[in-house]
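Encoded as structure tokens, the structure appears first; notes follow it.
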Amino acid sequence: GEDVEQSLFLSVREGDSSVINCTYTDSSSTYLYWYKQEPGAGLQLLTYIFSNMDMKQDQRLTVLLNKKDKHLSLRIADTQTGDSAIYFCAESMIKAAGNKLTFGGGTRVLVKP
Amino acid sequence: NAGVTQTPKFRVLKTGQSMTLLCAQDMNHEYMYWYRQDPGMGLRLIHYSVGEGTTAKGEVPDGYNVSRLKKQNFLLGLESAAPSQTSVYFCASSYPGRRGNQPQHFGDGTRLSIL
């Protein structure tokens, strides 16, 4: 079955690193995505990783994938107040028609000055 | 760069009323999607379309209908609105891509309240 789980809330101080975690259950996942949603806005793609990779770095963002444990994380270095948002992980499976995504419930990140 | 545009942005309906939400994309994407977002539940897929003239059910299709008469537009209809349909609705689009590596691009959402 398809199930993506995330913790609900994360509080972090400005300048610290944030780590947002996600677990998924379907081993046939091909791509895993991180989206950011700011208040009143739609989802903005931050980064994605292919399932045969274990790490991807993009400026302040580092994605780690542990395929054995079906665990995905997003690390934000030097967290800024503008990083306060809801972060969603999502999985895409090769067998899913229409490139459908399954989303986690979202992690609300609050950055304190 | 318009991307994905949703209209209207806000709407309040009475129970039993009908309405149509419009999604338009200017990226020539084949695939389009309608989601609803409820607190703590992430996004759930209502219906999707893999091309003009085709639609398919997602995870939560009951109470909704869709149409894709033109490639750039995807309409979501509520025939008889119910309070349980109060939500934020998001439209998204993407290229088909190989092995799902084409990300979905999202509109800014339509906030719908059913009284």
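The values are calculated or read from the model by the stated rules, or taken from the named source; none is laboratory data. Every value quoted in this text rests on a predicted model; they were computed, and no experiment measured them. Positions of Cβ are backbone-derived with ideal geometry, glycine not excepted, and every protein chain shown enters the neighbour counts. All accessible areas refer to the heavy atoms of the entire protein, side chains included, with ligands and DNA or RNA removed. Shrake-Rupley method; radii C 1.70, N 1.55, O 1.52, S 1.80 Å.
Within the range A:34-67, how many residues turn out to be of a type outside the set (A, V, I, L, M), more than 27 Å from A:Lys112 (Cα to Cα) and assigned to a loop (DSSP other than H, G, I, E, B)?
Summing the residues that are of a type outside the set (A, V, I, L, M), more than 27 Å from A:Lys112 (Cα to Cα) and assigned to a loop (DSSP other than H, G, I, E, B) in the range A:34-67 gives 4.
Can you confirm whether the range B:68-85 contains a residue that is within 13 Å of another protein chain (Cβ to nearest Cβ), open to solvent by less than 10 Å² (accessible area, probe 1.4 Å) and in a strand (DSSP E or B)?
Taking the range B:68-85 and keeping what is within 13 Å of another protein chain (Cβ to nearest Cβ), we get B:68, B:74.
Now restrict to residues that are open to solvent by less than 10 Å² (accessible area, probe 1.4 Å): B:68, B:74.
If we keep only those that are in a strand (DSSP E or B) too, we end up with B:74.
Within the range B:68-85 (the criterion being within 13 Å of another protein chain (Cβ to nearest Cβ), open to solvent by less than 10 Å² (accessible area, probe 1.4 Å) and in a strand (DSSP E or B)), the answer is yes, since at least one residue qualifies.
Is the range A:88-98 home to any residue that is facing another protein chain (nearest Cβ under 10 Å), without any contact (Cβ under 8 Å) to a residue 12 or more places away in the chain, within 30 Å of B:Val60 (Cα to Cα) and charged (D, E, K, R)?
No, because not a single residue in the range A:88-98 is facing another protein chain (nearest Cβ under 10 Å), without any contact (Cβ under 8 Å) to a residue 12 or more places away in the chain, within 30 Å of B:Val60 (Cα to Cα) and charged (D, E, K, R).
Within the range B:18-61, can you find the residues that are more than 9 Å from chain A (Cβ to nearest Cβ), under 14 Å from the mean Cα position of the chain (by Cα), surrounded by fewer than 16 Cβ atoms within 10 Å (Cβ to Cβ) and more than 24 Å from B:Leu115 (Cα to Cα)?
B:Lys57 - this is the single residue of the range B:18-61 that is more than 9 Å from chain A (Cβ to nearest Cβ), under 14 Å from the mean Cα position of the chain (by Cα), surrounded by fewer than 16 Cβ atoms within 10 Å (Cβ to Cβ) and more than 24 Å from B:Leu115 (Cα to Cα).
If you go through the range B:86-115, how many residues are in a strand (DSSP E or B), surrounded by fewer than 19 Cβ atoms within 10 Å (Cβ to Cβ) and of a type in the set (Ser, Thr, Tyr)?
Qualifying residue count, the range B:86-115: 1.
Are any of the residues in the range A:8-16 facing chain B (nearest Cβ under 9 Å) and either under 29 Å from B:Val4 (Cβ atoms) or open to solvent by 50 Å² or more (accessible area, probe 1.4 Å) (or both)?
To start, the set of residues in the range A:8-16 that are facing chain B (nearest Cβ under 9 Å) comprises A:8.
With the extra rule that they be either under 29 Å from B:Val4 (Cβ atoms) or open to solvent by 50 Å² or more (accessible area, probe 1.4 Å) (or both), the set shrinks to A:8.
Checking the range A:8-16: at least one residue is facing chain B (nearest Cβ under 9 Å) and either under 29 Å from B:Val4 (Cβ atoms) or open to solvent by 50 Å² or more (accessible area, probe 1.4 Å) (or both).
Is it the case that some residue within the range A:25-33 is in a strand (DSSP E or B) and more than 25 Å from B:Lys57 (Cα to Cα)? Full working, then the answer.
We begin by selecting, within the range A:25-33, every residue in a strand (DSSP E or B); these are A:29-33.
From what is left, the residues that are more than 25 Å from B:Lys57 (Cα to Cα) are none.
No: the range A:25-33 contains no residue that is in a strand (DSSP E or B) and more than 25 Å from B:Lys57 (Cα to Cα).
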